[in-house]
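Below is one structure; the comments refer to it alone.
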Amino acid sequence: MALESETTTGYPLEPSPQQMRDMAEAAVQFLVQFIEDLPESPAADLEGFEEVVGRLREPPPETGGPFDPLLDLVADGAAKGFNTTGPGYLAYIPGGGLYAAAVADFLACGVNRYVNVWNAAPAYAQIEWSVLRWLFDQFSYPVEARGLLTSGGSMANFSAIVSARKALLPEDFLDGMLYASDQTHASVFKAAVLAGFPARSIRTVPTTPELRIDPDALRAMIGEDRAAGRRPFLLVANAGTTNTGAVDPIAELAAVARDEGLWLHVDGAYGGFFQLTERGREMFRGIERSDSITLDPHKGMFLPYGTGALLVRDGARLREAHHLGADYLQDLAAEEEIPNFADYSPELSRDFRGLRVWLPLKLYGFGAFRAALDEKLDLARFLDEGLRETRGFELPWPCEVTVVAFRYRPGTGDPEEFNRRLLDRINASKRVFLSSTMIGGRFVIRACIVSHRTHRDRIEEALDIIRQAARDLDR
Ligand SMILES: Cc1ncc(COP(=O)(O)O)c(C=O)c1O
């Protein structure tokens, strides 16, 4: 029986110890049940979402109410839309969301420390710094390397482009030229625009039949631009494209970048963490010679959305592009062994992201992540081979990393229309959820396997569902 003082403080914004425990226990109970139910939950479900959304459209509440009905609303919301946490979610780029990271966020928000300047929370800033150092090690980056945890890959690509611009171009940079393949993620092109480059500065380099950047076309473009008096400064390579998982020839691109004096940025938002595996290291050979790397722990480390990372070989260049002091910050300590991350980032105040990366790494070790990523490589190859062996399926591109991109060639009718209907039919199973893209003007279905919750049983089921859907439609 709780004491009176344990049940209420009389001040609504500061719950009593008992109220805090009750709220957290109810939240944990919901979350554990939610995760336990995931294998049976629909891979995507939008049916009746209007009613759930409708209940949330209301005027601003002037007075509060009890916690439990609000938790019910959160639960109802989780049941609608794409089930990004579940084992059947193979659309776009999955990530999963480790339970340990949710606990880390709960702790981080509760203690609410400021980590962007080291002496405000030295141990927590060190946690972020340790995480970054462990990531540098995976790519053999030197001691001068610096980096930051971002909200995602898009922001990491943005800071990389701004750093390259600042390091290699004058203040008046509009004749600077950057190069990326036509398979590069839109966030790179968006970042270039946000960094102030006009459309003419952005060169989209054609790809080989494997959808890897064409080095000959790249060299020719650089030559043309130099001859026209423009300034080539940045080359972006892909460690796994979003469309098909294609990996650019990074070692060859590193040589081009060296010969031409370009900054080499590798977008490893999707594929970068496969560097933990032997097969990944082989695929990304040369990545250790890059100037910067984007990673997305909310993809390849199965963490919740809001966790990206940028690694920069020469940390001074990252700082040079982002450091701007202010009088009211004069009391804060200068950088020592732990960096002041605010000096390396567009952000001043932000969440303590490092804990959600550090806690799972300390709890399970890099080995557990390596094994899980190796499993995903195996699963993608299993699905790829299964479809290749099935009459009617076309897989024009090699299975690199863990995207399986395919089409079906129907006996009669319009193949584009057929493949659109095929995707709808596969997704109507609600056991798996795939997405599509356009390659060479043609509609392509893709399955991306990067959730820690996706295992062999679900991929076998996916293969059966895809084959059956094609048979049903191709009569
Ligand atoms: C290759 C690649 N780069 C960049 C991004 C953008 O990352 P984010 O969505 O975390 O901003 C993505 C997202 O899917 C991606 O696949």
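The values are calculated or read from the model by the stated rules, or taken from the named source; none is laboratory data. Source: prediction; values computed, not measured. Cβ atoms come from the backbone with ideal geometry, glycine included; neighbour counts cover every protein chain shown. Note: areas computed on protein heavy atoms with side chains; ligands, DNA, RNA excluded. Shrake-Rupley method; radii C 1.70, N 1.55, O 1.52, S 1.80 Å.
List of remarks:
- Only one of R391, R370 that is under 19 Å from the mean Cα position of the chain (by Cα) and either surrounded by 14 or more Cβ atoms within 10 Å (Cβ to Cβ) or outside any strand (DSSP E or B) (or both): R370
- Looking across segment 154-176, the residues that are out of contact with any Phe, Trp or Tyr (no Cβ under 6 Å at 6 or more places or on another chain) and in a helix (DSSP H, G or I) come down to S154, M155, A156, N157, F158, S159, A160, I161, V162, S163, K166, A167.
- Taking segment 1-115 as the region of interest, the helices (runs of 4 or more DSSP H) fully inside it that hold 3 or more residues being at negative phi, aliphatic (A, V, I, L, M) and touching a residue at least 12 places away in the same chain (Cβ under 8 Å) are 17-37, 68-78, 99-111.
- Scan of segment 123-151 for residues that are crowded, with 20+ Cβ neighbours inside 10 Å, within 16 Å of the ligand (Cβ to nearest atom) and not in a helix (DSSP H, G or I), ordered by number: G147, L148, L149, T150
- Taken residue by residue, segment 356-371 has no member that is under 30 Å from I222 (Cα atoms) and either away from the ligand (no atom under 16 Å from the Cβ) or not charged (D, E, K, R) (or both).
- Within segment 398-444, the only residue that satisfies the criterion of being within 16 Å of I466 (Cα to Cα), free of Cβ contacts under 8 Å to residues at least 24 places away in the same chain and in a strand (DSSP E or B) is S436.
- Meets criteria (open to solvent by less than 10 Å² (accessible area, probe 1.4 Å) and not aromatic (F, W, Y)) for M301: yes
- Index of the failed condition, T207 passing every other in (1) within 21 Å of A156 (Cβ to Cβ); (2) surrounded by 15 or more Cβ atoms within 10 Å (Cβ to Cβ); (3) within 16 Å of the ligand (Cβ to nearest atom): (1)
- Selection status of G325, open to solvent by 10 Å² or more (accessible area, probe 1.4 Å) and either within 16 Å of the ligand (Cβ to nearest atom) or free of Cβ contacts under 8 Å to residues at least 60 places away in the same chain (or both): yes
- From the list L218, L235, L262, the one residue that fits, being within 16 Å of the ligand (Cβ to nearest atom) and crowded, with 20+ Cβ neighbours inside 10 Å, is L235.
To keep it simple, each residue is scored yes or no on (1) β-branched (V, I, T); (2) closer than 19 Å to E278 by Cβ; (3) open to solvent by less than 20 Å² (accessible area, probe 1.4 Å).
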{"position": "D343", "(1), (2), (3)": "no, no, no"}
{"position": "R353", "(1), (2), (3)": "no, no, yes"}
{"position": "L379", "(1), (2), (3)": "no, yes, yes"}
{"position": "F382", "(1), (2), (3)": "no, yes, no"}
